[in-house]
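Visitor: Structure provided below as structure tokens; questions to follow.
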Amino acid sequence: MTKTIQKFFESRPESVSEARAFTTEALTIWGVLERGDDVRLCVSELATNAVLHGTDPGRGFLVRLDADDEIVRLEVHDSRRRHPHPRRPGDTDTAGRGLLLVTALADGWGVEDRTPFGKIVWSCFKAPRGTTT
């Protein structure tokens, strides 16, 4: 059985830690802890991108989590259509590594257009040994 939860956040820096806490609580309640650190780090990166690059003025973003016995899917919905791409930051750059972390930690990620506007940036995390409980 798939478990689903979602929550809307205002587009402000404090919402990133709130999204991380929301994710931690959901994974804990569901007993889906094996990949919890990876999921929490990815929600931080994707929520940060939504705040900095993905939301139009006056709009926020949505975090959605789906989990079953084999996979956790994290989605961050925002209001802009511009798709993010991993960058190649220099050694001294202080930003630009978020999607590189998502690529390294998730078992897959991508971007989908959202109707009527915006996009969904998603990442998936397979359970170790094929089970999340």
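The values are calculated or read from the model by the stated rules, or taken from the named source; none is laboratory data. The model shown is predicted, which means the values in this text are computed figures rather than measured ones. Don't worry about glycine lacking a Cβ; one is built from the backbone with ideal geometry, like all the others, and counts go over all protein chains shown. Side chains included, ligands, DNA and RNA excluded: accessible areas come from the protein's heavy atoms. Shrake-Rupley method; radii C 1.70, N 1.55, O 1.52, S 1.80 Å.
Visitor: What accessible area per residue comes out for the chain, rounded to a whole number of Å², with a 1.4 Å probe?
Guide: Values: 7370 Å² over 133 residues.
Averaged over the residues of the chain, the accessible area is 55 Å².
Visitor: Obtain the nm distance between the two label points defined at ARG59 and THR28 by a simple spin-label model: each point lies 7 Å from its Cα along the Cα-to-C-beta direction.
Guide: That separation, rounded to one decimal, is 3.3 nm.
Visitor: Hey, what angle do you get for helix 14-30 against the long axis of the chain, alpha-carbon based, 0 to 90 degrees rounded to 10?
Guide: With both axes taken from Cα atoms, the answer is about 10 degrees.
Visitor: Moving to a separate point now. What angle, in degrees between 0 and 90 and rounded to the nearest 10, separates the Cα long axis of helix 36-49 from the longest principal axis of the Cα atoms of the chain?
Guide: In the chain, helix 36-49 runs at an angle near 20 degrees to the longest axis.
Visitor: As a test of the formula, what do you get for the chain when each DSSP H run with n ≥ 4 contributes -39,500 (n - 2.57) and the sum is divided by the residue count, at 222 nm and rounded to the nearest 500 deg cm²/dmol?
Guide: -9500 deg cm²/dmol
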